[in-house]
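Here is the structure we will look at.
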Amino acid sequence: MVRIEVGSGCEDQTQPRERTMTIDRMTLKALVEKGSDDDLLREMMAYVANRMMDMEVESLTGAGHGERTPARMNYRNGYRERTWETRAGTVDLEIPKLRKGSYFPAFLEPRRTAEKALTAVIQEAYVHGVSTRSVDDLVKAMGMTGISKSQVSRLCEEIDERVHAFLARPIEGSWPYLWIDATYVKVRQAGRIVSVAVIIAVAVNTDGRREVLGMQVGASEAEPFWTDFLRTLTRRGLRGVKLVISDSHEGLKKAATKVLSSTWQRCRVHFMRNALAHVGSKQRQMVAAAIRTAFTQETQEAARAEWRAVADRLRERFPKLGELMDAAEDDVLAHLAFPKEHWPQLHSTNPLERLNGEIKRRTDVVAIFPNEGAIVRLVGALLLEQNDEWAASRARYMSLEKLAQFSDDPQAKPKRIAAA
């Protein structure tokens, strides 16, 4: 482990910055004099990295290491270990921790798994000669034209191992709410370019935590596809699902009932788009406002009564809309049978919108994927990072008190977050 200390708490504080610079020069000189040491390059890189972190932390705390000054805004609080993969080999770092807030060095950020996955997919398409003109230009701009197929293969294998382990991990506990959404990308198959659906499943467990449970790529949205996807999740341990929230997919609705024995909630946002397609552009604002009155009711009974009243008022002028509302009532209002505190998150697939937007932004860079494995590599890496972000958050996505009733253990009690 290499860590270069710059200053100490007992040194003379009258000239802290001058003393720090002197120590820096002495330490660097000592490293250079070790010219015959095989680890010199890694030690030099560790030295520079630690100095960069010291300077960044100094700007965040308002003071140098051990410096006493009225300008100080924060204090260091030990270190956490982290390895840094470089061309010179693995460099062991100790990243400073702060008493208030968090710190992560800026120079490590670009090495995130999703960024490496995007690079790998772009390179794979390029070296196999199936990339678009825009991707070719990007490869040249990034200076990646000299990479070989074997190098790309090794990079892909490294990422695939992590992504596949994440997507195949056991699912533990009860998951009362499951959101499923799809985004569409283009891929090369047998010499043709086809559009395929990338299905993403996110759920909340009885501890109030949100996780990405899985993904699957498929060309069909028929019932067998959805059934296979849900059965894959149950084989990994998914249980306790009470409500599935998604867009209007008849195949998914039937599969959810067959595989999970759960209720299905039709996404309210997607329903509204379907409903407004039955009216003229000038009437859409008025019709949307009328339908929304059902969503503002305080109880399930009141909401259903208002829904039917609105359908009856619109039926004469918009008969197809009236029929649609009659058929969709149970599905659009299904979430009202669950705790009122959860209604804002349950009525639509909006909780996945930000995630899907990020996926679309990254997949648009590739434009056309060379194969389905490349789709899983990039999207899976994005899902892995999002899942890690949710896991690191102290805030729960839903309140524990109402979720406790869904636990398979009748003695289960909400767990409380310990005070900081």
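Stretching Thr234 away from Val217 to a fully extended chain increases their span by 4.4 nm, per 0.36 nm per residue minus the current alpha-carbon distance. For the pair Ala290 and Arg68, a Förster radius of 60 Å applied to the C-beta separation gives a FRET efficiency near 0.35, rounded to the nearest 0.05. Relative to the current alpha-carbon distance between Gln151 and Glu401, full extension at 0.36 nm per residue lengthens the span by 84.9 nm.
A 1.4 Å probe run over segment 262-330, with the rest of the protein chains in place, finds 56 Å² accessible per residue. Largest to smallest in accessible area, the residues Ser246, Ser195, Ser399 fall in the order Ser195, Ser399, Ser246 (1.4 Å probe, all protein chains included). Taking the protein heavy atoms of segment 285-365 in the context of the full set of protein chains, the accessible area attributed to carbon and sulfur is 51 percent at 1.4 Å.
Each of Phe104 and Lys282 was given a label point 7 Å from its Cα along the Cα-to-Cβ line. The distance between the two points is 5.4 nm. Packing order of peptides 197-209, 274-286, 320-332, highest average first: 197-209, 320-332, 274-286 (average count of other Cβ atoms within 10 Å over each peptide's residues). Stretching the chain fully between Glu358 and Glu56 yields a gain of 105.9 nm (0.36 nm per residue, less the alpha carbon separation).
Go through Val365, Val185 and list them by solvent-accessible area, largest first, probe radius 1.4 Å. Don't jump to the answer; show the numbers that get you there.
Numbers: Val365 55, Val185 10 Å².
Ranking Val365, Val185 by accessible area, largest first, yields Val365, Val185.
Residues in segment 153-203 average 45 Å² of solvent-accessible surface per residue, probe 1.4 Å, ligands and nucleic acids excluded.
The values are calculated or read from the model by the stated rules, or taken from the named source; none is laboratory data. Predicted, not measured: the structure shown is a model, and the values here were computed from it. Note: ideal-geometry Cβ built from the backbone for every residue, glycine included; neighbour counts use all protein chains shown. Each accessible area value is taken on the protein alone, full model and side chains, heavy atoms only, with ligands, DNA and RNA left out. Shrake-Rupley method; radii C 1.70, N 1.55, O 1.52, S 1.80 Å.
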